[in-house]
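Participant: First the structure, then my questions, so here it is.
The values are calculated or read from the model by the stated rules, or taken from the named source; none is laboratory data. Remember, it's a predicted structure, so these values are computed and weren't measured experimentally. A quick note on method: Cβ atoms are made from the backbone with ideal geometry, for glycine too, and the neighbour counts reach across all protein chains shown. Just the protein is used for accessible areas: all its heavy atoms, side chains included, with ligands, DNA and RNA removed. Shrake-Rupley method; radii C 1.70, N 1.55, O 1.52, S 1.80 Å.
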Amino acid sequence: MASALSKWLVDPKRNPLAAMHMKAVSTRLRRFGLRYDDLFDPMYELDVKEALNRLPREIVDARNQRLKRAMDLSMKHDYLPEDLQAMQTPFRSYLQDMLALVKREQAEREALGALPLYQRTLP
């Protein structure tokens with residue numbers, strides 16, 4: 001029961017409030033030219049850092065460029081031009097598949113009783 005309710009709450013196709021929230025997040029991400037996956041912090045979660053290390057260099061470079069552009073626009077109190085905002089794809093994922101793979105490997109490693117690949121401490 002609880003899992004069905006939680007799935008309904010976060011599904012934008014079934015819950016109008018979730019759809020409104022997704023639209024608001026999409027608008028804010030488009031204004032700065034970001035993608036949702038750009039918001040994951042590799043310094044906070046080491047699985048994200050490992051997933052970014054496994055991605056191709058071009059994808060990581062594009063992510064860094066988007067983050068730099070967003071910081072620059074934020075400092076200038078400006079947004080992307082409307083024509084560039086229309087071209088943005090904020091919910092096109094590039095990190096989720098690799099992040100899921102890293103988490104599965106970590107869970108398998110823990111299930112087998114192996115030592116962790118890296119120390120899980122926050123900076």
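Participant: Considering the stretch 7-27 alone, what residues qualify as being open to solvent by 60 Å² or more (accessible area, probe 1.4 Å) and either of a type outside the set (F, W, Y) or within 18 Å of R69 (Cα to Cα) (or both)?
Facilitator: Of everything in the stretch 7-27, those that are open to solvent by 60 Å² or more (accessible area, probe 1.4 Å) and either of a type outside the set (F, W, Y) or within 18 Å of R69 (Cα to Cα) (or both) turn out to be K7, L9, V10, K13, R14, P16, L17, M20, H21, M22, K23.
Participant: Answer yes or no as to whether L34 is over 22 Å from L117 (Cβ atoms) and more than 17 Å from the chain's Cα centre (by Cα).
Facilitator: no
Participant: Those residues that are surrounded by 11 or more Cβ atoms within 10 Å (Cβ to Cβ) and part of a loop (DSSP other than H, G, I, E, B), I need them from the stretch 71-88; list them, please.
Facilitator: D78, Y79, L80, Q88
Participant: OK, next. Surrounded by 11 or more Cβ atoms within 10 Å (Cβ to Cβ), part of a helix (DSSP H, G or I) and either touching an Asp or Glu at 6+ places or on another chain (Cβ under 6 Å) or hydrophobic (A, V, I, L, M, F, W, C) (or both), is that true of R109?
Facilitator: No: the conditions fail for R109.
Participant: Next question. Go through the stretch 28-46 and report how many residues are open to solvent by 60 Å² or more (accessible area, probe 1.4 Å) and farther than 16 Å from D97 by Cβ.
Facilitator: 7
Participant: Go through Y36, Y79 for me and flag whichever is in contact with a helix residue (DSSP H, G or I) (Cβ under 9 Å, 6 or more places away or on another chain) and under 27 Å from A107 (Cα atoms).
Facilitator: After applying the criteria, what remains is Y36.
Participant: For T121, which of the numbered conditions (1) modelled with pLDDT of 95 or more; (2) more than 13 Å from the chain's Cα centre (by Cα); (3) of a type outside the set (A, V, I, L, M, F, W, C) fails to hold?
Facilitator: (1)
Participant: Is it the case, given these coordinates, that D37 is touching a Phe, Trp or Tyr at 6+ places or on another chain (Cβ under 6 Å) and acidic (D, E)? Spell out the reasoning first.
Facilitator: Numbers: touching a Phe, Trp or Tyr at 6+ places or on another chain (Cβ under 6 Å): yes; acidic (D, E): yes.
Considered against the rule, which asks whether it is touching a Phe, Trp or Tyr at 6+ places or on another chain (Cβ under 6 Å) and acidic (D, E), D37 comes out as yes.
Participant: Separate question: Would you pick out the residues in the stretch 47-70 that are closer than 11 Å to G33 by Cβ and open to solvent by 100 Å² or more (accessible area, probe 1.4 Å)?
Facilitator: Q65, K68
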